[in-house]
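Please treat every number below as a calculation from the coordinates, not as lab data. Predicted model, so just to flag it, every value in this text is computed and none were measured.
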Amino acid sequence: MQQYLEIKKDYTDFIVFFRLGDFYEMFFTDAIVASRELEIVLTGRDAGVDERVPMCGVPYHAASIYVDKLIEKGYKVAIVEQVEDPALAKGIVKRDVIQLITPGTIIEDGSLDAKSNNFIAALSEAKTTYVLAYSDLTTGENLLVTLPKDAELLANELMNLNVRELIVSTQFHQRVLRNHLESRPMTLSVADDINIPQFYRNLVAEIYEKSLLEAFGRLINYLLKTKKRELMHLQKVQVFESSQYLRIDNNSKRNLELTETYRSQNKKGSLFGLLDVCGTAMGSRYLKQTILRPLIDKNRIESRYSLVEDLNDDFIAREEIESLLKQVYDLERIIGRISFGNANAKDLINLSRSLKVMPQVREIVESIHNDYGCELVSKFSDLGDLCQLIDSAIIENPPLSIKEGGIIKPGYSTELDEIKSNHFDAKQWIEKFESDERERTGIKKLRIGYNRVFGYYIEVT
């Protein structure tokens, strides 16, 4: 319990999942809240005080289901595991937080809508403006927007972006927002570190305004603290003024049924539902943001219309692009999962298949001779070497789980091929190993034994 309390004091606004054997246990207030929200039995345990400490727990193998429920309700979860080998530990095995999960930083595919961004935002205040830095960890997008210092405009922006978690400073008066967000659940987190780590300064290399850098610094430090790893996939920060697009307040957005219907909050029947025939999830997310933020710059609008017109006029090119895009998977989220180290072999195969399509898309768009289109596809890189590496290493239809094995192609690694051969020819390998060890040691009665307690062992009389 001392170990638990020592960890808990650094994560007071998190529900701590404390691993004990085959269960994650929660204690004190965490247990009372989790018991109510997850509808699990609240018990107690002796902890050296007169009253039993409130406690509840969930099986570790099913923890993700319970974590998802808490995150959906706006809570934050800290996962605590053993961080040293019990065999080498002196006294109680050391435990520490290995993962922090919050509404704005979840990256698991099953917990997210493929056609919507999952934004987390950080707020900074200047004399006359609010600055919002927001990011979608699953795609690596980073944006900064400046708003007039008006609580209603800020609340509308947060609701339009569907921000699930907002990071503010300890000096920020939270009641300014709470009045406007009573009907919209949003997790508020506090962070004061605004110094941008050296590794991430290239993302804001062309930004010099103090309030913008402060907002991004607050955001990146919070992300690094919660994810506990380098975020290699983050994209360069885009900056835009709220005056660059048409501001739509939340009531108008609901009444116009832009992204969901007024009564049933359903996509079907909304403007987005009508227009969304995108071939990729990336396209659907972009379309949704475009509907919520209509352009007001005439030149940009006309550039977009020009490309649409050229694609409408060139039926064959349009059909070819549509056909190719059907082969493209959600590249942004695949890259996110690879960066976090939780991608599987199918993700890598899908990455290769998607990248192979890009040169053909580029060629067709360039053949239309539209300046705006050519500018878009000029950013495509030739990643043939990466595709070749993936194709040479991974079988065509790999299993979903890495634990199943059978992912790497025969011939790619001689060392792995040898290990596999030893695995399949285990009996012969053990007999040969026993013979080799007798010869090497000169111990004629040496033998290999096995039991369920110890597994395989060498026995010497």
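What to note about this one:
- Prolate/oblate/rounded label for the stretch 243-375 (Cα gyration tensor, a/c 1.5): oblate
- Between the Cα long axis of helix 384-393 and the first principal axis of the chain there is an angle of about 30°, rounded to the nearest 10.
- Rounded to 5, percent antiparallel among DSSP beta bridges of the stretch 128-226: 65 percent
- Computed extension length for Glu6-Glu230: 78.1 nm, one decimal, from 0.36 nm per residue of separation with the Cα-Cα distance subtracted.
- Stretched out straight at 0.36 nm per residue, the stretch from Ile40 to Cys278 would grow longer than its current Cα-Cα span by 81.5 nm.
- Too-long pairs where the Cα-Cα distance tops 29 Å, listed order kept, from Lys8/Lys149; Lys298/Lys379; Lys76/Lys409; Lys127/Lys267; Lys127/Lys227: Lys8/Lys149; Lys76/Lys409; Lys127/Lys267; Lys127/Lys227
- The stretch 109-264: relative contact order in percent, alpha carbon pairs under 8 Å with at least 6 residues between: 27 percent
- Between the stretch 259-325 and the stretch 343-367, the alpha-carbon center distance in angstrom: 21 Å
- Cα centroids of the stretch 1-53 and the stretch 151-210: 30 Å apart.
- Contact order normalised by residue count of the stretch 321-388, Cα under 8 Å, 6+ apart, percent: 34 percent
- Among beta bridges identified by DSSP and lying wholly in the chain, the antiparallel ones come to about 70 percent.
- Cα gyration tensor category, rounded, prolate or oblate, for the chain with a/c compared to 1.5: oblate
- Angle in degrees between helix 151-161 and the longest Cα principal axis of the chain, rounded to the nearest 10: 60 degrees
- Each Cα pair under 8 Å and six or more residues apart adds its sequence gap; the mean of these over the residue count of the stretch 231-354 is a relative contact order of 24 percent.
- Shape class for the stretch 245-300, computed from the alpha carbon gyration tensor (a ≥ b ≥ c): oblate, with a/c not under 1.5 and a/b at or below b/c.
- Taking 16 Å as the straight-line reach from the Cα of Lys268, the lysines in range (excluding those fewer than 8 positions away in the same chain) are Lys115, Lys253, Lys288.
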